[in-house]
Amino acid sequence: MDFIMHACVRSKAVLKNTLLGLLVLGWACVGMARAEEGPKPLEHFVVEHASTHLVEEVYVLNARILYRFNPDVLEALESGVPLTIRLDVEILRPREWLWNETFTTLVQRYQLQYHALTQQYLVKNLNSGIQYNFPTREGSLEALGEIGDLPLLDKRLLDPGTHYTARLRADLDVESLPGPLRLLAYLSPQWRVQSEWYTWPLTH
């Protein structure tokens, strides 16, 4: 009986990996066909606005990010593949003769996933565990792009009288993709989506 149960579990795992492999192969073929049609502008992420203010001596971040995905990535999302968005925030301290020093960094991760059974889009903050459901993809991307009062840094850690700057970047974290799809993402520029750095003064 134990042998049969182990065999069933092993068969399910093989079937799952086979199905995922077929999906990846299908996406690769579609990507190759699209490439033969000629170059097209890639979708991208845009940090439209970012700013900080003090809340009880702690700098908090407010930002607005526009997320645009190309059809290959959206097809994977609709097939149930979770997408992880990584936000990198850096606090920079100026130096007179050298490039700016990175004073501290913060990494914030969010996961976007579609559940076919409930027909809901899930947005989860992987740092805090808080998650929300949305009936439409547009609604989930809108919520994903709104960053409100995210704690960054205690003001008391900064040197008085020094002018610091902050910068923010968003990108699609291919390292979090399932194994076979991760390999495809490494080879395809369609999956390497990243915003430009958005910089603003942290202190005046």
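Odds and ends about this structure:
- Ranked by the mean number of other Cβ atoms within 10 Å of their residues, highest first, the peptides 81-89, 154-162, 47-55 fall in the order 81-89, 47-55, 154-162.
- Spin-label model, Glu175 to Tyr132: label points 7 Å out along the Cα-to-beta-carbon direction sit 2.7 nm apart.
- Note on Trp99 and Thr162: with the Förster distance fixed at 25 Å, the Cβ-Cβ geometry gives a FRET efficiency of about 0.95.
- If you take the alpha carbon atoms of the stretch 144-204 and fit the smallest convex hull around them, that volume is 135 Å³ per residue.
- Base-10 log of normalised Debye intensity for the stretch 42-201 (one unit scatterer per alpha-carbon) at q = 0.09, 0.19 Å⁻¹: -0.34, -1.20
Rule-based calculations on the coordinates, nothing more; no lab input. Keep in mind that what you see is a predicted model, and the values were worked out from it rather than measured. Because the Cβ atoms are built from the backbone with ideal geometry, glycine has one as well, and the counts that use them run over all protein chains shown.
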